Amino acid sequence: MKPNYGQDAPGLMRGFLIAALVLAILAASLWTLATAPWLHILGVVIGIASLYPLGMGTLMVVYSRVTKLADRDQMLEGLDWPNIRTVVDLGCGRGLLAIGAARRMTQGQVTGVDIWSVADQSGNTAEAAHRNAEIEGVAARVRFLTADMRALPMADASVDLILSAWAIHNLAQPADRAQALTEAVRVLIPKGRLVISDIACLDDYETFLSGLGCRTERRDFGRNRARILAAVSFGSFSPALLIAHRA
């Protein structure tokens, strides 16, 4: 039995693919049925426009089913796992990062926190995350809590490592994102590390964390991949990695 980590933003993914289909049908109809030359040209324009939602919808499916597993491994590689005892995954969803961390730890516990929004991930529940942890054989080292990343139920300076993937940007207001980062730094031990993967707002995260005294570094997930994603998404889709070290 394999774990199921869900489809990210399922409604948005379906919207993109439906829009691509509608535009493609309209373009084909104008090209084949219309008699006026300008309608043929309009059909071509609409056909070209359909490539954007098609590309975005396809990217979202491929990412959720394949790419995010590789991204998880890249996020977690190179960390000092023998000396990491406590990990928190912000916006853990169905447990992808939390479970990946638990598989690498020699002792300690991982806590995944989420408000379980099915708009952000299909089938997003604590039960689904726990089921994945059981399948992966790490249920004893992982717990999943219903909690808001803006008000973490952890003591000050009590966490060695904080992880987050594609979650913080879902907070719509800059002040809320800043509060989530403030909470992350609050619960980190001195010299603790925050590892964030996201598709938006990374410049803001970096600026804010630097203002809190953290040392930050940016990484991408590969230059060739970044170019392909930028081309397919017309520059609107550019996942990257931000690592912050608490002073």
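The values are calculated or read from the model by the stated rules, or taken from the named source; none is laboratory data. The model shown is predicted, which means the values in this text are computed figures rather than measured ones. Backbone-built Cβ (ideal geometry, glycine too); neighbour counts: all protein chains shown. Note: accessible area is taken over every heavy atom of the protein model, side chains too, but ligands, DNA and RNA are not part of it. Shrake-Rupley method; radii C 1.70, N 1.55, O 1.52, S 1.80 Å.
Inclusion of A247 among residues that are out of contact with any Pro (no Cβ under 9 Å at 6 or more places or on another chain) and open to solvent by 70 Å² or more (accessible area, probe 1.4 Å) is not warranted. The residues of the stretch 71-80 that are open to solvent by less than 60 Å² (accessible area, probe 1.4 Å) and either of a type in the set (A, V, I, L, M, F, W, C) or free of Cβ contacts under 8 Å to residues at least 40 places away in the same chain (or both), listed by number, are M75, L76, L79. When restricted to residues that are of a type in the set (S, T, N, Q) and under 24 Å from G78 (Cα atoms), the stretch 208-247 contains 4.
Any residue in the stretch 164-183 that is under 23 Å from I99 (Cα atoms), among the hydroxyl-bearing types (S, T, Y) and at pLDDT 95 or above? Checked the stretch 164-183: at least one residue is under 23 Å from I99 (Cα atoms), among the hydroxyl-bearing types (S, T, Y) and at pLDDT 95 or above.
Applying the criterion of being touching a Ser or Thr at 6+ places or on another chain (Cβ under 6 Å) and of a type in the set (A, V, I, L, M) to the residues of the stretch 146-165, the residue that is nearest to A9 (Cα to Cα) is A165. If only residues of the stretch 215-230 that are of a type outside the set (K, R) and open to solvent by 70 Å² or more (accessible area, probe 1.4 Å) are counted, the one that is nearest to M60 (Cα to Cα) is I228.
Within the stretch 63-70, identify whether any single residue is farther than 15 Å from A139 by Cα, open to solvent by 10 Å² or more (accessible area, probe 1.4 Å), touching a Ser or Thr at 6+ places or on another chain (Cβ under 9 Å) and among the aliphatic types (A, V, I, L, M), and answer yes or no. The answer is no; no qualifying residue exists.
The set of residues from the stretch 2-52 being assigned to a helix (DSSP H, G or I), among the small types (G, A, S) and buried (at least 19 other Cβ atoms within 10 Å of the Cβ) comprises A20, A27, G43. Figure legend. Inter-residue proximity from the stretch 104-125: first residues on the phi > 0 side of the Ramachandran plot, second residues in a strand (DSSP E or B) and open to solvent by 40 Å² or more (accessible area, probe 1.4 Å), beta-carbon distance below 6 Å, spacing 6+ or different chains. Indicated pairs: G108/T86.
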